[in-house]
1. Please verify whether Gln299 is out of contact with any strand residue (DSSP E or B) (no Cβ under 8 Å at 6 or more places or on another chain) and at pLDDT 90 or above, treating the condition exactly as stated.
2. If Ala314 meets every condition in (1) more than 18 Å from Leu347 (Cβ to Cβ); (2) of a type outside the set (Asp, Glu); (3) surrounded by 17 or more Cβ atoms within 10 Å (Cβ to Cβ) apart from one, which number is that one?
3. Kindly check whether there is at least one residue in the stretch 17-29 that is at pLDDT below 65 and loosely packed, with under 15 Cβ neighbours inside 10 Å.
4. Do we have Asp297 as crowded, with 17+ Cβ neighbours inside 10 Å, of a type in the set (Asp, Glu) and in a strand (DSSP E or B) here?
5. Give the residue that is nearest to Leu128 (Cα to Cα), with candidates limited to residues of the stretch 173-206 that are more than 26 Å from the chain's Cα centre (by Cα) and aliphatic (A, V, I, L, M).
6. Taking the stretch 430-484 as the search range and keeping residues that are in contact (Cβ under 8 Å) with a residue 60 or more places away in the chain and at negative phi, which one is surrounded by the fewest Cβ atoms within 10 Å (Cβ to Cβ)?
7. Among Ala430, Ala462, Ala485, Ala508, which is the only one that is within 36 Å of the chain's Cα centre (by Cα), of a type in the set (Gly, Ala, Ser) and at pLDDT 80 or above?
8. Would you pick out the residues in the stretch 371-394 that are over 24 Å from Pro500 (Cα atoms), under 27 Å from the mean Cα position of the chain (by Cα) and at pLDDT below 95?
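The values are calculated or read from the model by the stated rules, or taken from the named source; none is laboratory data. All values derive from a computational prediction rather than experimental measurement. FYI the Cβ positions are ideal-geometry reconstructions off the backbone, even for glycines, and counts take in every protein chain you see.
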Amino acid sequence: MAVLALAVGLAVGAPAAAELELRSDGGRFGGATWDRLSLDYRPGATDGSIWALDIANLQLVEALPGLDLGISCERFAWSEGQPSCPLGRLSVARAGEAPDLVVAVSVVPDPSGGYRVTPPGEERQFELVWSGGTASPELEARLHDLDLSTLPAAWLDGLGVDFLAGMVSADLRLADQRWSGRIQLSSGLFDGWGGQLAAENLALDARLEVDFADDQPGWSVQLEQSAGEILAGPVYLPAPVQPMALSAELRRDGADGPLRVEFDFDDPGTVRAGGLALLGADEEGWELELLELARLDVQFPGFWQRWLDGPAAAAGFADLDTLGRVSGDLRWRQGVFDRVEVVLSGLALDDPAERLALAGLAGSVSGRDGSVRLDLAWEGAGLLGLPLGSASVLLHHDEVGLRLLRPVVVPLLDGAVAIDGLAWLNVPDAPLRLVVDARIEPVDLGLLTRQLGLIEFGGTLAGRFPGVQFEQERLAFTGGIDVEAFSGRIRIDDLVVERPFGSLPALAAQLRFDRLDLLELTGAFNFGRMEGQASGWAHDLRLLDWRPVAMDARMFTHEDARRRRISQRAVDNLSSLGGAGGAIVSGTILRVFDDFPYRRAGLACRLSNNICHIDGVAPHDSGGFYIVEGRGLPRLDIVGHRRLVDWPQLVRQLESMID
């Protein structure tokens, strides 16, 4: 029950010094409520507060937080039979907290029978008009080029914003428990939420209606962005060529029900989408329960350039060129597609770094009740600079994951990559895992090396991978790769590639080779001619950014090879690599001969911390090691003495030798 206390005191000899105190507990006027109200009149106050009105926990509508509002009057007058305050102060605070905003104001009667609150003087940066005299008063609020940088820091902290600037104009009206109006922002600039959301030179035009008459308020919003750049996490949106528009109707279904959002979004030339979203609330916040897109139209390259280029660049795929269109409708509920009907038309993707390429991708994605079928075909593709031919694929997706329904054969040069089985498994409480059963049908190495820009040599490449697995950016081959080259065989086992398409890719493998023809090998790499056969291995091979950083490698010749000879140039190169500083020769002068017979040859390198620990084919009496042990006449031995070699320097030597 409201309690009213009225005290009037008359000072002796000071008839004008009458004071008034008015106190009230909670009250209501129209739709506005408050917890406490006080009105004071002190004509002799030293602080100039002749009149002071304080309202605690004022709620204009129930759904909005309460405010503590204070108006003090330094200059009091009567205007048109009503009290007015040409000069006063307005303070605004969140209920129960210290004032966030204190401004000078003028409070004067309005012709509507209420009051008008403006800054004193001629300036009209803001204006509040309360239309009294009715059971349901109206409130109008107008802003004229309000500088957001002048807002109290406490307001910014409450929003999670570190910096805010720009000019805002607004025209809002509250009547019959309904807010309506328009808000315009120009030259907007903000940064907040730990740098996850920022904007510059932002221009927004918002029209809104909020109906608080029911227990659950309804919101209607129309928002248009005509200028400015936005950064939201990894997504960078440049200024739109045409205005980007969003309209939405929001209402919660009951006190504990989900928030229902009916929306229409249009970013011209990139994406158009309309539909329904349901958001459920719990102690941790909002969660998407349902998404229904009845109108989806995505256009490339616009959509990629504006919405996906940022996240792709963060993943190492910047500046991709795209084409095509995706359209259709879908309904997603709590992790399952109830309905999906999507058509892909003429999609294309091209990576300037030649890691990925796709041309003429078309097909459909359709399904019901969590079971989705993907029927796709493409005219051409590329992977790591290799051209892939046309193919088609049929896939099925359900709660278990994604599975290949029929084998796929993708042409690769004169061979092919065949995928006999594929499953992308969605195991609960575990990362997504891709398992592939694939094989490489023989590919000509001459064509392959030429396409990759490598030193060209002959042979074939083939392999079978019965259980390739991809999990958390880690690609592991459980089978082996067989390469027939230089009239011998090369085998790659335990191949693992991490971040194959990202930054700093890493590779691990076990490599061995058997009876390679040295004449073909040295001829292909322009190293200097050697004849014979060589075998060897590279155990625990590790590459970072496709450059060796660790290995235990050895290469040696076979003494049963029919012809074993080495040219003068190969002698010089091997001497330089092994730190021999020349050759130990028995016989006549080297330069007279083009090549020399040898018994055996070999070189080993254990690479660690950018240092190559070198060894040869056998120890030498001098304490060094044989790189080449000669035989017959003229006899030539190449003996190394330097066992530790800087790896980058050794690589530079090799590159200069085979240039």
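1. Details: out of contact with any strand residue (DSSP E or B) (no Cβ under 8 Å at 6 or more places or on another chain): no; at pLDDT 90 or above: yes.
Spelling it out, it is not the case that Gln299 is out of contact with any strand residue (DSSP E or B) (no Cβ under 8 Å at 6 or more places or on another chain) and at pLDDT 90 or above.
2. The failed condition is (3).
3. Narrowing the stretch 17-29 to residues at pLDDT below 65: 17.
Then drop every residue that is not loosely packed, with under 15 Cβ neighbours inside 10 Å, which leaves 17.
Yes - at least one qualifying residue is present in the stretch 17-29.
4. Details: crowded, with 17+ Cβ neighbours inside 10 Å: no; of a type in the set (Asp, Glu): yes; in a strand (DSSP E or B): yes.
In short, no.
5. To start, the set of residues in the stretch 173-206 that are more than 26 Å from the chain's Cα centre (by Cα) comprises 173-187, 205-206.
Those left that are additionally aliphatic (A, V, I, L, M): 174-175, 183, 185, 206.
Numbers: Leu174: 11, Ala175: 14, Ile183: 15, Leu185: 19, Ala206: 20 Å.
The selected residue is Leu174.
6. Our first condition is that a residue be in contact (Cβ under 8 Å) with a residue 60 or more places away in the chain; within the stretch 430-484, this holds for 448, 451-453, 455-458.
Filter once more, so that each one left must be at negative phi: 448, 451-452, 455-458.
On the way: Leu448: 21, Gln451: 15, Leu452: 13, Ile455: 11, Glu456: 14, Phe457: 17, Gly458: 15.
This residue is Ile455.
7. When all the criteria are applied, what remains is Ala508.
8. Val372
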